[in-house]
């Protein structure tokens, strides 16, 4: 089965073709048009600007990807229907509906978070069920127990800021250009993670929820007061490393605790923050040490951040199960929940 994926949930316009051969995925093509330079001057994403850029970029991207004008060779179309920014989502959803109608192809509305989960299916071997997924992005930080394809249980979630949002806000506090997360990751490689004792929010809680607003505030207070005890700020590399260490410490500790209780066959890391080098390494090491026999799956960086290949992958499994969407009723849903 060959599936066309379309992703416009935020500030990345993306299209992809993915083959699903009885559960084995192969990316035929995956293209992403980034808007980072456009939104950097605003210090964040402007929804209407993002939507207009999606309109300009989507069909030229389909052309560049070599998508036939009549849809020949495509078995289904998968599009991100939510969650995300409404103006941005609508561009992809309406384009996918029009193509499905014109080409007479089945349509699958995909949850963006489900797409991130399936980024791990591009690895070899593929994850075994049941699986525990740590999904970490700019808008979400969740632990999801995947019982099988399309069967999910929310184990824990952030009560305030997502980890990716905290990274970007901490970067802004440190005067780093937008987006701050990748800049912190890079600078932290030359820093001392023990230089500053930033808090580990909810590390000792009895549940598997997260909270990062207090950690973000701790960075703000540290910067405003000129360092601990007014002794002056540490090097920016040390601040980045210490902040990142606190975030990663919480994420890894909570994931291992949840895995110990739920006993999955595999652990997944997904979402934009899955591109963070320290998190990728630490989670793999922790799973190997604490969970003998459990495999850890981390997506290639190209599939960790927003892309259409992951949407096509998730859509292909739903299409295999004949879980299609009526083009006449599909609408963008900014608050779309991950169906159980």
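Restricting attention to the range 99-110, which residues are part of a strand (DSSP E or B) and over 18 Å from the mean Cα position of the chain (by Cα)?
Selection gives 107, 108.
Go through the range 111-221 and tell me which helices (runs of 4 or more DSSP H), entirely inside it, have 2 or more residues that are surrounded by fewer than 23 Cβ atoms within 10 Å (Cβ to Cβ) and in contact with a helix residue (DSSP H, G or I) (Cβ under 6 Å, 6 or more places away or on another chain). Even if it seems obvious, please write down each step before you answer.
On the way: elements: 112-118, 163-173, 180-188.
Ranges flagged: 163-173, 180-188.
On the basis of being at pLDDT 95 or above, part of a loop (DSSP other than H, G, I, E, B) and surrounded by fewer than 16 Cβ atoms within 10 Å (Cβ to Cβ), does residue 44 make the cut?
Working: at pLDDT 95 or above: no; part of a loop (DSSP other than H, G, I, E, B): yes; surrounded by fewer than 16 Cβ atoms within 10 Å (Cβ to Cβ): yes.
In short, no.
Looking only at the range 312-340, which residues are part of a helix (DSSP H, G or I) and buried (at least 19 other Cβ atoms within 10 Å of the Cβ)?
312, 313, 314, 315, 316, 317, 318, 319
Checking residue 211 against (1) in contact with a strand residue (DSSP E or B) (Cβ under 8 Å, 6 or more places away or on another chain); (2) closer than 30 Å to residue 126 by Cβ: exactly one of these is not met. Which one?
All conditions pass for residue 211, except number (2).
Take residue 88 and tell me if it is in the same structural domain as residue 311 (by TED's automatic domain parsing), surrounded by 21 or more Cβ atoms within 10 Å (Cβ to Cβ) and either at pLDDT below 95 or out of contact with any strand residue (DSSP E or B) (no Cβ under 6 Å at 6 or more places or on another chain) (or both). Can you show your working first?
Details: in the same structural domain as residue 311 (by TED's automatic domain parsing): yes; surrounded by 21 or more Cβ atoms within 10 Å (Cβ to Cβ): yes; either at pLDDT below 95 or out of contact with any strand residue (DSSP E or B) (no Cβ under 6 Å at 6 or more places or on another chain) (or both): yes.
When the stated conditions are applied, residue 88 passes them.
Is it true that some residue in the range 271-280 is in contact with a strand residue (DSSP E or B) (Cβ under 7 Å, 6 or more places away or on another chain), free of Cβ contacts under 8 Å to residues at least 60 places away in the same chain, within 20 Å of residue 187 (Cβ to Cβ) and in a helix (DSSP H, G or I)?
Scanning the range 271-280, I find at least one residue that is in contact with a strand residue (DSSP E or B) (Cβ under 7 Å, 6 or more places away or on another chain), free of Cβ contacts under 8 Å to residues at least 60 places away in the same chain, within 20 Å of residue 187 (Cβ to Cβ) and in a helix (DSSP H, G or I), so the answer is yes.
Only one residue in 208, 198 is touching a residue at least 60 places away in the same chain (Cβ under 8 Å) and within 29 Å of residue 262 (Cβ to Cβ). Which one?
On the way: 198 fails: touching a residue at least 60 places away in the same chain (Cβ under 8 Å).
Every option except 208 fails the conditions.
Taking interchain pairs and intrachain pairs at least six residues apart, which have beta carbon atoms under 7 angstrom, with the first residue in the range 140-167 and without any contact (Cβ under 8 Å) to a residue 40 or more places away in the chain and the second assigned to a strand (DSSP E or B)?
142/135; 142/154; 142/156; 142/157; 147/153
Pick out the one residue from 28, 49 that is closer than 15 Å to residue 307 by Cβ and in the same structural domain as residue 308 (by TED's automatic domain parsing). Break it down into steps so the answer makes sense when it comes.
On the way: 49 fails: closer than 15 Å to residue 307 by Cβ.
Exactly one of 28, 49 is closer than 15 Å to residue 307 by Cβ and in the same structural domain as residue 308 (by TED's automatic domain parsing), namely 28.
Kindly check whether there is at least one residue in the range 258-270 that is surrounded by fewer than 24 Cβ atoms within 10 Å (Cβ to Cβ) and under 17 Å from residue 200 (Cβ atoms).
yes
Among the residues of the range 56-80, how many are under 23 Å from residue 38 (Cα atoms) and either touching a helix residue (DSSP H, G or I) at 6+ places or on another chain (Cβ under 8 Å) or outside the structural domain of residue 11 (by TED's automatic domain parsing) (or both)?
The number of residues fulfilling the criteria is 3.
Would you confirm whether any residue within the range 290-298 is part of a helix (DSSP H, G or I), farther than 27 Å from residue 17 by Cβ, assigned by TED's automatic domain parsing to the domain that holds residue 184 and modelled with pLDDT of 95 or more? Break it down stepwise before answering.
Initial filter on the range 290-298 (part of a helix (DSSP H, G or I)): 290.
Okay, now just the ones that are also farther than 27 Å from residue 17 by Cβ, so 290.
When the remaining residues are screened for being assigned by TED's automatic domain parsing to the domain that holds residue 184, the result is 290.
Checking the rest, the ones that are also modelled with pLDDT of 95 or more come to 290.
Yes, the range 290-298 has at least one match.
The values are calculated or read from the model by the stated rules, or taken from the named source; none is laboratory data. Being a predicted model, the structure only gives us computed values, none of them experimental. Note that each Cβ is placed from the backbone with ideal geometry, even for glycine, and that neighbours are counted across all protein chains shown.
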